[in-house]
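Student: The structure's right below; bear with me while I get my questions together.
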Amino acid sequence: MHRRNTAAALNIHPRTLDYRLQRVRRLTDVDPGSARGVRILSTVVARAASGAWPA
């Protein structure tokens with residue numbers, strides 16, 4: 001939830017992070033900046049990484 005820290009950890013510019021978050025919002029209709037959006041998206045990523053869904 002800290003934009004600058006997240007961008008630094010990903011080694012990208014904060015505006016690049018903003019662009020990517022806007023793209024996620026546009027493609028999924030889920031706001032990755034909200035608590036609900038974080039829960040939804042982290043659940044999807046965890047299930048995909050565990051192999052629960054076929055690629």
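The values are calculated or read from the model by the stated rules, or taken from the named source; none is laboratory data. Quantities reported herein were computed from a predicted structural model and do not represent experimental measurements. Backbone-built Cβ (ideal geometry, glycine too); neighbour counts: all protein chains shown. Accessible surface areas use protein heavy atoms only, side chains included; no ligands, DNA or RNA. Shrake-Rupley method; radii C 1.70, N 1.55, O 1.52, S 1.80 Å.
Student: For ALA52 and ARG3, FRET efficiency with R0 = 30 Å and r from the beta-carbon atoms, rounded to 0.05?
Tutor: Calculated value: 0.50.
Student: Right, another one. Between (i) 21, 15, 5; (ii) 21, 18, 7; (iii) 21, 14, 11, which matches semi-axes √(5λ) of the Cα gyration tensor in Å calculated for the structure shown?
Tutor: Only one listed value fits the structure, namely (iii).
Student: Let me ask something additional. Read phi for every residue in the range 41-52 and hand back ³J(HN,Hα) as whole Hz from Karplus 6.51 cos²θ - 1.76 cosθ + 1.60, θ = phi - 60°, with x for Gly and Pro.
Tutor: Each residue's phi maps through the Karplus curve to give 5, 5, 5, 4, 5, 5, 5, 5, 5, 7, x, 5 Hz.
Student: Using the Karplus equation 6.51 cos²θ - 1.76 cosθ + 1.60 (θ = phi - 60°), what ³J(HN,Hα) coupling, rounded to whole Hz, does each residue of the range 12-28 give in order, writing x for Gly and Pro?
Tutor: Along the range 12-28, the couplings run 10, 6, x, 5, 5, 4, 4, 4, 5, 5, 5, 5, 4, 4, 5, 7, 10 Hz.
Student: Express the carbon and sulfur contribution to the solvent-accessible surface of the range 12-55 as a percent, rounded to the nearest whole number, probe 1.4 angstrom. Show your work: numbers first, answer last.
Tutor: On the way: 2020 of 3520 Å².
C and S atoms contribute 58 percent here.
Student: Calculated from DSSP H runs of 4 or more alone, at -39500 (n - 2.57) each and per residue, what is the 222 nm mean residue ellipticity of the chain, nearest 500? Walk me through the numbers before you get to the answer.
Tutor: Details: 3 runs with 39 residues, N = 55.
Helix-only estimate at 222 nm: -22500 deg cm²/dmol.
Student: State in Å² the accessible area per residue of the chain; use a 1.4 Å probe, count heavy atoms of protein chains only, and round to the nearest integer.
Tutor: On the way: 4640 Å² over 55 residues.
I get 84 Å² per residue for the chain.
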